[in-house]
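The values are calculated or read from the model by the stated rules, or taken from the named source; none is laboratory data. For clarity, every value in this text was computed on a predicted model and none was experimentally measured. Cβ placement follows ideal geometry from the backbone for every residue including glycine, while neighbour counts extend to all protein chains displayed. Calculation scope for accessible area: heavy atoms of the full protein, side chains included, ligands and nucleic acids excluded. Shrake-Rupley method; radii C 1.70, N 1.55, O 1.52, S 1.80 Å.
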Amino acid sequence: MLEVRNIYKSFGSLDVLKDISLTIGKGEIVAIVGPSGAGKTTLLQIMGTLELPDRGSVCFNGTELIGMKDKKLSAFRNRNMGFVFQFHQLLPEFTAQENVALPALIAGMSRSKAMAKAKELLGQLGLAERLHHKPAAMSGGERQRTAIARALVNDPEIIFADEPTGSLDSANREEIQSIFADLRDRLGQTVVMVTHDASLAGIADRVIEMADGRILNTEN
């Protein structure tokens, strides 16, 4: 599904990624692990086209993404990719349902259909009673489940998750872990995640270890 080839990225004099190549298969959960500063988040952002490499290629289902015009790339990302961040990134002035519906509205779905899809997803994630709550009135676990629903609303081919359990307590970490495993097992959802959480990495089909901007090894 996704192939990155010979990726290099520097910030000033700091070489963050050094000749990274890897492939992600459909229906796989892949965990990227390693110490802080290894380049994990930068690699995730480049795979998700949120950051551009200095050199290299990102190919998604046969479509080369590097060099695509910004507007076209944004539309491609909105249709095909979902994102979950450590600190949920929900808009504070919107309800849970409105936050989840937003990517669908951006994609051109009617408001009624987008809100219905958001309601359905929030219900599936145990948040049927939180549709009209704003983020400030929700727990950390509820906010992160809302963020996962938002990532799913356009039926993306792939979800990128950056430390999705990093700000949660142990009970909520286990809940999010179960959700990702269920998405893979029930829907065949492809997920690439950066994590320091050994339990979350434990559900992955493949673990990629990084250090100093390079891939050290891959464990199945």
Helix 70-80 versus the longest principal axis of the chain: what angle, 0 to 90°, nearest 10, using Cα atoms?
60 degrees
How much length would be gained if the chain were fully extended between residue 120 and residue 170, taking 0.36 nm per residue of separation minus their Cα-Cα distance, in nm to one decimal?
15.3 nm
Using protein chains only and a probe of 1.4 angstrom, how many square angstrom of residue 120 are accessible, to the nearest 10?
100 Å²
Report for the chain the percent antiparallel among DSSP-assigned beta bridges with both residues inside it, nearest 5.
55 percent
Output the 0 to 90 degree angle, nearest 10, between the alpha-carbon long axis of helix 96-106 and the longest principal axis computed from the alpha carbons of the chain.
60 degrees
Neighbours of residue 25 by Cβ distance under 14 Å: Lys/Arg at +1, Asp/Glu at -1, summed charge -1
Zone reached by a paramagnetic label modelled 7 Å from residue 79 Cα along Cα→Cβ, restricted to the stretch 102-117 with backbone N below 19 Å, covers 102-111, 114
Helix-only CD estimate at 222 nm, as mean residue ellipticity for the chain, using -39500 (n - 2.57) per DSSP H run (n ≥ 4):
-11000 deg cm²/dmol
Residue-count net charge about residue 172 - beta-carbon cut-off 14 Å; Lys, Arg +1, Asp, Glu -1:
-3
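Compute the length gained on full extension between residue 182 and residue 107: take 0.36 nm times their separation in residues and subtract their Cα-Cα distance, giving the result in nm to one decimal.
Numbers: separation 75, 0.36 × 75 = 27.00 nm, distance 2.58 nm.
Gain in length upon complete extension: 24.4 nm.
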With all protein chains in place and a 1.4 Å probe, residue 1 shows an accessible area in Å² (nearest 10) of 40 Å²
By how many degrees, between 0 and 90 and to the nearest 10, does the Cα long axis of helix 140-152 differ from the longest principal axis of the chain?
70 degrees
Net charge of neighbours whose Cβ lies under 12 Å from the Cβ of residue 191, counting Lys and Arg as +1 and Asp and Glu as -1:
-3
Over all directions, how big on average is the projection of the convex hull of the alpha-carbon atoms in the stretch 92-200, in square nanometres?
6.7 nm²
Accessible area of the chain divided out per residue, in Å², using a probe of 1.4 angstrom
47 Å²
Need the full-extension length gain, residue 214 to residue 52, defined as separation in residues times 0.36 nm minus the C-alpha distance. One decimal, nm.
56.6 nm
Within the accessible area of the chain (1.4 Å probe), percent carbon and sulfur:
49 percent
Of [x] 41; [y] 59; [z] 46, which one was derived for percent of Cα pairs over 23 Å apart from the structure shown?
[z]
Using r as the Cβ-Cβ distance of residue 13 and residue 87, and R0 as 30 Å, what FRET efficiency do you calculate, to the nearest 0.05?
0.55
